[in-house]
Structure formats: C-alpha cells, structure tokens
Amino acid sequence: MRVSYDMTNKNVFVFGGTSGINLGIAEGFANAGARLAVASRNPDKVEAAKFHVSRDGRPAHGYALDVREAKLVAEAIEHFVNAHGPIDVLVSGAAGNFPAAAAQLSPNGFKSVVDIDLLGTFNVMRAAHAHLTKPGACVINISAPQAVIPMAWQVHVCAAKAGVDMLTKTLAIEWGPEGIRVNSIIPGPIDGTEGMARLAPTPQARQMVVNSVPMRRMGTPDDIAQVCLFLASDSARYVSGAIIPVDGGWVASGARLEAPATK
Ligand code: COA
Ligand code: NAP
C-alpha cells in the first residue's frame, strides 16, 4: 500500500524543476497539496512546468534563471517568500552532464558542470537559508551515483556531485541546531530522462544498464518523488546528513556504465 503524504500549506521550491526527475518531484509535492515554485534557464520549459504543477487555488510560480547567478537565485527565492511566506522544502536538482574523456575535456567543460551542480547548489542553499525558518524545514539535494562511484568519462560529474554530498553533510551539521534538516538523494538510472539519454543513448547501452540494476529495471521520477515526500514529512524528522540511494540497488552493485572505448 502506498503511503499518502499531506503537504497542504507547504511551500516547496524546486531548482531545476522543469523537466525529468525534478519535474516529477515537483509534481509529487503538488499532488500532495503543496504550493510550488520551479526554476531553470529555458523560459518555455519554466512556463510549461509552472502550468504542469499548478493546482486549483494554488497557482505555481516559475522563474527563468541560471543557478550559477547567485543574485538571480536570491531574487527568485525572495519573490516566492514575499508572496507566500517561508520555504518548507528546498530541492536543489539543477545539473549538467555529458560524457567526456578527462584527457579531452576542456577546463571550461569541467567548470561548467561543477558550476551548475556544486556552485549552483551552494547558491540555492545559501539564498534559501534565511527563509528556512518554519518547524520541519528541510533541504533535499539531488546527487548522483557518480558522487560515490568513480565512473570513466564522468570526472566532472563525479567531482561536482561528491561536492554536493559534502554540502549536504556539512550544512546538516551547521544548520541542524536551527532545526533545518539537509539530505541528499542519489537517484539510480531513471527511464526517459535527459541524463539517461546522454549516458545510455543506444538500446544496447540502455539494456546493459537495466541488466546491471539488481532490481532489473530503471527507476521512474515518481520513485524519487516518493522518497522526497518521505524526507519532507514528519516521519523523517530525525533524518539529516543522510545520502540516500533510490536506485534498485545500483550503487550497492557498483553502478557500472559502459565507458566508451578509448585509445
Ligand atoms: N563534450 C565535451 N565538452 C563539452 C560537451 C561535450 N559533450 N558539451 C559541452 N562541452 C563544453 C563546451 O565545449 C564548453 O567548453 P569550451 O568553452 O572549452 O569549448 C563548456 O563545456 C561549456 O559549454 P556551454 O555549451 O557553453 O555550456 P552551458 O553552460 O551552456 O551548458 C552543459 C551546460 C554543457 C552542461 C549542457 O550540456 C547543458 O545545458 N546541460 C543541461 C541538461 C543536462 O545535462 N541534463 C542531464 C542532467 S544529468
Ligand atoms: P534534466 O531533465 O535535464 O534536468 C536538469 C534540470 O536542470 C532541467 O530542468 C534544466 O532546465 C535545469 N538546469 C540545467 N542547468 C541549469 C542551470 N545552469 N540553471 C538552472 N537550471 C538548470 O535531467 P534529469 O536526467 O532529469 O536529471 C535531474 C537530476 O537528477 C540532476 O541533478 C541529475 O544529476 C540527477 N540524476 C539523474 C539521473 C538520471 O538517470 N537521469 C541519475 C542520477 C542523478 P534548463 O535546461 O531549462 O535550465
């Protein structure tokens, strides 16, 4: 039986919440009664996602911005808070990924992923902190298996997501005394997403990934949303500083992706 969570009167801001896993998370919170804000760069995606997570009497907010721009992130958070009050749940999920061999990856290619994933998560958490004042307020960072499993052709992502998990653990310590819980979720391979399209672009690569997941299937955005709802609920009131794989056992089994052949 599925647990149903009640997020009525909760304010939830999902950065990167306009497609894929993060949109699924935003949808999960909207269905549970929360008021949503979503943000990403592409204004068309923002508009569509805003519509998608609006509910009767609870129109969602959308902000077209780049998480690398701390000022824009802070302005969006302030706008949402001024309209509806402090944030209950902050989700940081904006990210970039492409496969590239380290020996060919340009410094700017490395930097762009680290800046989106790691600096972006810092920007989002830093700006939201002053508004995480309600009892039970929490942060959920969307990490990746690359944070804990080294993967060839993913040096930029491994470095960035390992950093994200250290933000989670460090700020769980700093902000715990204020009652703010901070956790990371590590999604496994999630079907139909941009991330999987980039890392397993062929039917063969996709099948290899499925075969390597102990539960023998890819996940869905809703698999991730359900654990976010749990983390935001009172059931998780003593969970903080945790890095939680939601991956059918993929990380436990080594989370192998086929590295493209190199010379
Ligand atoms: N292989 C190698 N290098 C690449 C690359 C690839 N496939 N794609 C981009 N780069 C390099 C660029 O060449 C550039 O470096 P340079 O200036 O030395 O040439 C650098 O990365 C930045 O590229 P740019 O296109 O300006 O970055 P951006 O900030 O506009 O976009 C990306 C960021 C590159 C991460 C882009 O893929 C993106 O927007 N991704 C978001 C969606 C996504 O990745 N979803 C999956 C999440 S898991
Ligand atoms: P996605 O649909 O591409 O999601 C990434 C989101 O981030 C998009 O909404 C994108 O929208 C936004 N974004 C990217 N760069 C941004 C920037 N600089 N500023 C603001 N927003 C930005 O990909 P996904 O595969 O669902 O991945 C979602 C999250 O899950 C990521 O954190 C990823 O690392 C993680 N993850 C994915 C998988 C998987 O199987 N897919 C597995 C493990 C972890 P715009 O283009 O409009 O900016």
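Things worth noting here:
- Separation of the N42 and N82 label points, Cα + 7 Å toward Cβ, nm: 2.9
- If R0 is 45 Å, the Cβ-Cβ spacing of T220 and K71 corresponds to a FRET efficiency of close to 0.80.
- In nm, spacing of pseudo-spin labels at R256 and R237 (7 Å Cα→C-beta vector): 4.5
- With the largest listed first and rounded to whole Å, the semi-axes of the equivalent ellipsoid of the range 11-246 from the Cα gyration tensor are 27, 19, 18.
- Entries of K50/K111; K45/K161; K45/K134; K50/K169 with Cα pairs more than 27 Å apart: K50/K111; K45/K134; K50/K169
- Surface exposure of the range 49-117, expressed per residue as accessible area with a 1.4 Å probe, stands at 49 Å².
- Label-zone membership for the range 211-241, site D191, 7 angstrom Cα→C-beta point, backbone N under 12 Å: 216-223
- Helix 221-232 and the longest principal axis of the C-alpha atoms of the chain enclose an angle of approximately 50°.
- Treating r as the C-beta distance of M208 and F230 and R0 as 35 Å, the FRET efficiency rounds to 0.70.
The values are calculated or read from the model by the stated rules, or taken from the named source; none is laboratory data. Worth saying up front: this structure is predicted, and the values here are computed from it rather than measured. Virtual Cβ from ideal backbone geometry, glycine too; neighbours counted across all protein chains shown. Side chains are part of the model used for accessible areas, which takes the heavy atoms of the whole protein and leaves out ligands, DNA and RNA. Shrake-Rupley method; radii C 1.70, N 1.55, O 1.52, S 1.80 Å.
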